[in-house]
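Written out below as structure tokens is the structure these notes cover.
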Amino acid sequence: MSEFILKARDLNKFYTQRSGRFGFGTKQVKALDNVNLELRHASTLAVVGESGSGKSTLARCLLQLQPLDGGSVFFQGRDLAELPANELRKQRRHLQMIFQDPFASLNPRMKVGEIVEEGLLIHDLGTKNERFEKALKMLKRVGLAESDLNKYPHEFSGGQRQRIGIARALVLEPKVVVCDEPVSALDVSIQAQILLLLKELQQEMSLSYIFISHDLRVVRHIADEVAVMHQGKIVEKGSIQEVYESPKQQYTQNLLKAIPGQKRQLA
């Protein structure tokens, strides 16, 4: 078996924007420009860059939530775009996402138990009782209680809502999880708790993470490797140590200098 569980080859994605003085013209914006990356089994690849660099577009294209204009995504050696619809549906349970905003990503009309069970129901996994037990077990694992099953998202804090989002993604026992800015909406003290939880769950479940972030301070605590994005391109890749201690690109150096306490080290 390949050491890489997920590979992206020459990914391209274009958006059409209105342009000109009165907005009558159009121009193409390249959100992804020949992006290549590899994710190792049971490791974390961070994709970092400023807002608008293409990180979130990459996340959604990797999971086939948005169509690509070119390139291929291989999961366990298979090109996802080449799979029949029923086979792609089966593979989707192994490719899950934790979203940035833990409130907007949870259905306010559904109880927490229903939210966590929903993926199991969609993929027709287990009996009603088995789905309930699995959802309860995962909810407890992320630090919530059985009594929380019948509550609604608005009854929880931001950190607790993100725990619900994590439980919803991991109840399907995925192999790859894309974490799209999963702690950026949380207080710093809560960020540390969520990062620790993600690392513990990764070890327990042999998860492979793609961790999308604009914050290199956060990335340092969770990632094994880093890919730096700028204007839709990967401009630098390497291990945490390589990128943080010997950044090659000026853009990466500037991102590192923006971290409090880093300016002196990189001067």
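See the values below:
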quantity: Footprinting exposure proxy for LYS175, LYS27, LYS257 (fewest neighbouring C-beta atoms within 10 Å first); calculated: LYS27, LYS257, LYS175
quantity: Reachable lysines, given that their alpha-carbon falls under 17 Å from the alpha-carbon of LYS13 and they are not under 8 places away in the same chain; calculated: LYS27, LYS30, LYS55, LYS233
quantity: Contact order normalised by residue count of the chain, Cα under 8 Å, 6+ apart, percent; calculated: 25 percent
quantity: Neighbour-count ranking [beta-carbon atoms within 10 angstrom, fewest first] of ARG131, ARG163; calculated: ARG131, ARG163
quantity: Exposure proxy order (Cβ contacts within 10 Å, fewest to most) of TYR15, TYR244; calculated: TYR15, TYR244
quantity: Cα-projected label distance for ASN129 with ASP187, points at 7 Å along beta-carbon direction, nm; calculated: 4.2 nm
quantity: Degrees between helix 188-205 axis and first principal axis of the chain (Cα, 0 to 90, nearest 10); calculated: 70 degrees
quantity: Stretchable slack from GLU146 to GLU242, in nm (0.36 nm times residue separation minus alpha-carbon distance); calculated: 30.2 nm
quantity: Net dipole in debye of the stretch 1-133 [+1 Lys, Arg Cβ; -1 Asp, Glu Cβ; about Cα centre; nearest 20]; calculated: 460 debye
quantity: ³J(HN,Hα) computed for each position of the stretch 97-102 - Karplus, 6.51 cos²θ - 1.76 cosθ + 1.60, integer Hz, glycine/proline x; calculated: 9, 10, 8, 5, 9, x
quantity: Structure-derived Cα extents along the principal axes in Å - corresponding label in (1) 53, 41, 31; (2) 54, 51, 46; (3) 62, 36, 29; calculated: (2)
quantity: Rg in Å to one decimal, and Dmax rounded to a whole Å, for the stretch 166-267 via C-alpha atoms; calculated: 14.6, 46
quantity: Acute angle (nearest 10 degrees) that the helix 128-141 long axis makes with the longest principal axis of the chain, alpha-carbon atoms; calculated: 60 degrees
quantity: Gyration tensor verdict on the stretch 80-218 (Cα atoms; rounded if a/c is under 1.5, prolate if a/b is larger than b/c, oblate otherwise); calculated: oblate
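Every read-out reported here was derived from the displayed coordinates using simple, explicitly stated rules and does not represent laboratory data. Since the model is a prediction, treat every value here as computed from it, not as a measurement. So basically every Cβ, Gly included, is an ideal-geometry build from the backbone, and we count neighbours across all protein chains shown.
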